[in-house]
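Encoded as structure tokens, the structure appears first; notes follow it.
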Amino acid sequence: MYSDESGRSTLDPRMVQRVTKLGLASAAVVVVLWVATLLPGAGWLVPGTPLTVAALMSAVATLAVVGLLLLLAPALADLVKTGLRDAPEVAERVASVTRVATVLAAVLVAHRGLAAAVTPLLGGFGWLYDVVFLLLALPLLVALAVVLYGSLEPTADLFATKLVGSHNERSGLESS
């Protein structure tokens, strides 16, 4: 963190740059993948497999995006913590929500993006693909629900304090 002219802490430019870079890289991979699927021959089958060239390109791009999301999760959590530094209890909980939600998003992106390349290889056992991703995503969803539930009280307190002032401020105003 850095301080501005008033002495207040501000966001670390390196942290913001890192989060922005990872976000832009993820978007770039998606755009390049979309253009690649438009190339002539993208619908051709890879010899000896039931996979199309587009499905393989999509799988490679998906793995890149998933990797970037997994790198982005702790960076986003740090950015959230820094942005909410005046409310450390809320900051920690919102950072946890951000981290878990980003990892869950990575799992869901992986499921969607790898399906065309993996399920044809499984033949009649394609349902296993969904089961594996369900087993990966379900604990993350439960963790997200737990962290969201745990953050309700401190977040509500923070909003109430920001909107109407603290109890001490209200008491002082009422007695004046």
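Within segment 105-134, residues that are at pLDDT 90 or above sit with their Cβ atoms under 7 Å from residues that are assigned to a loop (DSSP other than H, G, I, E, B) and open to solvent by less than 60 Å² (accessible area, probe 1.4 Å), at 6+ positions apart or across chains, in these pairs: ALA117/LEU51; THR119/GLY126; PRO120/LEU51. Inspect all residues belonging to segment 85-108 and state whether any of them is open to solvent by 30 Å² or more (accessible area, probe 1.4 Å) and not in a helix (DSSP H, G or I). Looking through segment 85-108, at least one residue is open to solvent by 30 Å² or more (accessible area, probe 1.4 Å) and not in a helix (DSSP H, G or I). Scanning segment 14-25 for residues that are within 18 Å of GLY113 (Cα to Cα) and modelled with pLDDT of 85 or more yields a single hit, ALA25. Out of curiosity, is LEU72 within 28 Å of LYS21 (Cβ to Cβ) and free of Cβ contacts under 8 Å to residues at least 40 places away in the same chain? No; evaluated as a whole, the condition is false for this residue. A Cβ distance below 6 Å, combined with a sequence gap of six or more or placement on separate chains, defines the contacts here; from segment 21-32, residues that are free of Cβ contacts under 8 Å to residues at least 40 places away in the same chain reach residues that are crowded, with 16+ Cβ neighbours inside 10 Å and hydrophobic (A, V, I, L, M, F, W, C) in the pairs VAL29/ALA61; VAL29/ALA64; VAL29/VAL65.
Show the residue pairs that are 6+ apart or on different chains and have beta-carbon atoms under 7 Å apart, the first residue being within segment 47-59 and more than 13 Å from ALA115 (Cβ to Cβ) and without any contact (Cβ under 8 Å) to a residue 24 or more places away in the chain, the second being of a type outside the set (S, T, N, Q) and open to solvent by 50 Å² or more (accessible area, probe 1.4 Å). That search, which allows pairs on different chains as well, returns VAL53/TRP44.
Within segment 28-50, the residues that satisfy the criterion of being more than 29 Å from the chain's Cα centre (by Cα) and open to solvent by less than 80 Å² (accessible area, probe 1.4 Å) are GLY41, ALA42, GLY43, VAL46, THR49, PRO50.
The values are calculated or read from the model by the stated rules, or taken from the named source; none is laboratory data. These figures come from a predicted structure and were not determined experimentally. Every residue, glycine among them, receives a Cβ derived from its backbone with ideal geometry; neighbour counts consider all protein chains shown. Note: accessible area is taken over every heavy atom of the protein model, side chains too, but ligands, DNA and RNA are not part of it. Shrake-Rupley method; radii C 1.70, N 1.55, O 1.52, S 1.80 Å.
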